[in-house]
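What follows is a set of notes on a single structure, which appears directly below.
Computed from the coordinates by the stated procedures, all read-outs in this text should not be read as laboratory data. None of the values given here were measured: they were computed from a predicted structure. Reconstructed Cβ throughout: ideal geometry from the backbone, glycine too, with neighbour counts over all protein chains shown.
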Amino acid sequence: NIVPTPVKISLINMLSETGLQVIEATSFVSPKWVPQMADHTEVMQGINKLPGISYPVLTPNLKGFQAAVAAGAKEVSIFGAASEQFTKKNINCSIEESLERFDEVMRAARAASIPVRGYVSCVLGCPYEGKISAAKVAEVSKKMYSMGCYEISLGDTIGVGTPGSMREMLAAVMKEVPVGALAVHCHDTYGQALANILVALQMGVSVVDASVAGLGGCPYARGASGNVATEDLVYMLNGLGIHTGVDLQKLMDTGTFICNALNRKTNSKVSQASCRL
Amino acid sequence: QEPQASGLPEYIKIVEVGPRDGLQNEKVIVPTDIKIELINQLSKTGLPAIEVTSFVSSKWVPQMADHKEVMRGIERHPGVQYPVLTPNLQGFHSAIAAGATEVSVFGAASESFSKMNINCSIEESIEKFEEVTKSARNMNIPVRGYVSCALGCPYEGNVVPDKVAEVSKRLYSMGCYEISLGDTIGVGTPGSMKKMLEAVMKEIPLSALAVHCHDTYGQALANILTAIQMGVAVVDSSVAGLGGCPYAKGATGNVATEDVIYMLNGLGINTGVNLYAVMEAGNFICTALNKKTNSKVAQASFSTGTI
């Protein structure tokens with residue numbers, strides 16, 4: 001269901017009040033491909049931009065980058081993949097070609113002093129290729145980091161990873177990219193996300209992507225879940241005594257808001273549980 | 001199956017609690033033949049232990065009223081344990097008469113929970129269990145001890161790790177061969193799991209410990225991972241994640257066996273269990289209960305057509 005622009009803006013504004021420091025606002029991609037993000041300019045211009053909070057946007061190419069900057073974006077993201085087949089199916093070119101496209105964005109971003117975050121998809125498995133070698137993930141991550149991405153977010157796109165494969169993949173990537181520049185983006189499609197995140201934290205990773213209410217199913221497994229819920233992640237980090245600056249109650253209220261607006265149940269177990277300690 | 005990650009147990013024993021703990025916390029009363037069929041299917045998956053039923057008064061737990069029929073009706077596969085709950089001596093005798101060869105007793109680390117659940121103090125409950133363990137010892141019947149509320153209590157809130165250690169030690173000393181530490185309301189996190197296990201491990205050998213994690217707050221697999229990183233090698237789980245949380249309406253309870261096995265397979269840890277066979281059993285009972293599975297692995301596998 002296409003979410004109305006005012007609802008998107010309210011969601012982002014509410015998230016801005018929770019203590020979260022980074023909120024991925026929208027994607028400057030052609031509405032032909034991603035109708036849900038067609039209102040990218042209105043959203044970017046409509047949200048309250050609080051000081052100290054970053055509002056990165058996706059920019060798959062130079063055109064999207066320019067539109068993003070014109071709309072007021074101060075940080076952008078580019079999406080690579082560790083799988084040739086996934087890249088071909090997703091953006092119709094090879095990994096090498098995709099990195100050449102990104103290079104245009106990197107150059108323009110550097111000239112405009114705009115930080116760029118790099119995503120690597122399929123780091124623990126690919127819907128088409130199956131197993132993905134840790135060495136390949138390290139290679140693509142290294143390229144994107146060398147191109148100028150300040151941070152590389154390693155995505156378990158189909159959620160097939162386990163603490164075993166997470167450890168192996170991170171060990172390989174950490175040989176090429178400093179751990180301070182690494183983030184993990186785990187999907188909970190197989191219920192492994194928090195365990196995978198725990199292992200990443202144990203290995204020194206300190207940036208974790210998550211989605212309020214666990215919004216976002218898996219496009220490769222119909223009916224299955226996708227993103228890990230921010231509420232469940234914060235609950236775990238609180239229990240570990242790790243500081244995040246995020247107010248869990250305000251986060252849960254935000255999750256309730258968007259789920260009501262979408263007329264759907266939350267994917268966050270913390271939200272679902274009604275007993276309080 | 002991946003090569004085994006270092007520092008972790010090579011083998012983990014999965015104790016399947018779906019037919020008892022799982023079904024006990026499902027609203028729909030399941031017909032006896034369905035229960036028997038479920039257990040028979042689980043017996044073929046490689047699971048080494050399957051908790052069959054509970055010899056408790058049917059007044060209190062109507063779902064388990066058919067305990068004798070279930071015990072007598074199931075296939076007993078060699079190499080598989082079929083423990084049953086026996087809250088007191090009367091239940092114990094009834095279980096033995098019905099053919100049980102292993103029993104379990106349920107303590108708690110919280111006085112309020114003990115009072116609300118079984119209407120007596122922890123000390124009084126221990127005395128009852130001692131009657132059971134004494135009889136069990138005379139008959140060479142192994143007894144497993146459960147400690148509820150190990151990481152939090154729905155009435156008392158925070159539970160002190162030393163209290164968990166104290167109750168565990170009492171159960172172990174009276175002859176329980178294994179102590180299963182239960183995060184009854186699923187509030188635990190890797191932080192509280194670590195602290196609790198450190199306290200308990202001072203009193204009980206690692207090889208006699210098990211964890212029974214609930215996924216009510218989505219923390220179960222992370223908590224189980226923490227436990228196995230500390231050397232725990234016995235994990236309780238429930239096929240299809242059967243069994244909601246009686247203290248949080250609509251929330252989930254038991255962690256799904258499928259999701260645990262998926263994680264352990266990925267860590268290269270041997271369980272002897274066939275994941276697909278468990279998913280099939282899960283599919284059977286969910287169809288019978290007319291409900292969706294709580295296992296994310298099962299959901300994803302059915303969606304992608306792996307099953």
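Summary of values
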{"quantity": "Fluctuation leader among B:H214, B:H67, B:H93 - chain B, Gaussian network, Cα springs under 10 angstrom", "calculated": "B:H93"}
{"quantity": "Global geometry of the protein assembly as shown, whether rounded, prolate or oblate, following the gyration tensor of its Cα atoms and the 1.5 cut on a/c", "calculated": "prolate"}
{"quantity": "Cβ-based exposure ranking for A:M106, A:M236, in which fewest neighbours within 10 Å come first", "calculated": "A:M106, A:M236"}
{"quantity": "Listed pairs A:K89/B:K291; B:K59/B:K195; A:K8/A:K63; B:K13/B:K128; B:K44/B:K128 exceeding 31 Å between Cα atoms", "calculated": "A:K89/B:K291; B:K59/B:K195; B:K44/B:K128"}
{"quantity": "Cysteines without a disulfide-compatible partner [chain B; Cβ-Cβ under 4.7 Å]", "calculated": "B:C120, B:C176, B:C213, B:C245, B:C286"}
{"quantity": "Only Lys, Arg (+1) and Asp, Glu (-1) charged, at Cβ; the range A:92-186 dipole about Cα centre in debye", "calculated": "220 debye"}
{"quantity": "Within straight-line cross-link reach of B:K292, aspartates and glutamates at Cα separation under 20 Å, skipping those fewer than 8 residues along the same chain", "calculated": "A:D188, B:E16, B:D21, B:E26, B:E37, B:D215, B:E258, B:D259, B:E280"}
{"quantity": "Charge dipole (debye, nearest 20) of the protein assembly as shown; +1 at Cβ of Lys and Arg, -1 at Cβ of Asp and Glu", "calculated": "580 debye"}
{"quantity": "Cα gyration tensor category, rounded, prolate or oblate, for the range A:191-261 with a/c compared to 1.5", "calculated": "oblate"}
{"quantity": "Lys/Arg +1, Asp/Glu -1 at C-beta; the protein assembly as shown dipole; positive extreme among A:T41, B:Q299, B:V80", "calculated": "A:T41"}
{"quantity": "Relative contact order (percent, whole number), the range B:81-132, Cα cutoff 8 Å, 6+ residue spacing", "calculated": "40 percent"}
{"quantity": "Exposure proxy ranking, count of Cβ atoms within 10 Å, fewest first, for B:M263, B:M196", "calculated": "B:M263, B:M196"}
{"quantity": "Sites matching trypsin sites (Lys or Arg not before Pro) across the range A:67-176 that sit in DSSP coil, with at most 12 neighbouring C-beta atoms within 10 Å", "calculated": "A:K131, A:K175"}
{"quantity": "Ellipticity estimate at 222 nm from DSSP helix runs (n ≥ 4, -39,500 (n - 2.57)) divided over chain B, nearest 500", "calculated": "-12000 deg cm²/dmol"}
{"quantity": "Order of A:F257, A:F102, B:F106 - criterion: other Cβ atoms within 10 Å of each residue's Cβ, fewest first", "calculated": "A:F257, B:F106, A:F102"}
{"quantity": "Percent RCO, i.e. relative contact order, over chain A, from Cα pairs under 8 Å lying at least 6 residues apart", "calculated": "14 percent"}
{"quantity": "Overall form of chain B per C-alpha gyration tensor (a/c, 1.5; a/b vs b/c)", "calculated": "rounded"}
{"quantity": "Sparsely packed trypsin sites (Lys or Arg not before Pro) within the range B:179-288, loop by DSSP, other Cβ within 10 Å at most 15", "calculated": "B:K202, B:K249"}
{"quantity": "Karplus (6.51, -1.76, 1.60) ³J(HN,Hα), θ = phi - 60°, over the range B:89-98, in Hz, Gly and Pro reported as x", "calculated": "4, 4, x, 4, 4, 4, 5, 4, 4, 7"}
{"quantity": "Estimated [θ] at 222 nm from DSSP helical runs (n ≥ 4, -39500 (n - 2.57)) normalised by residues in chain A, nearest 500", "calculated": "-12500 deg cm²/dmol"}
{"quantity": "GNM flexibility winner over chain B from B:P154, B:P246, B:P78 (Cα, springs under 10 Å)", "calculated": "B:P78"}
{"quantity": "Antiparallel %, DSSP beta bridges [both residues in the protein assembly as shown], to 5", "calculated": "5 percent"}
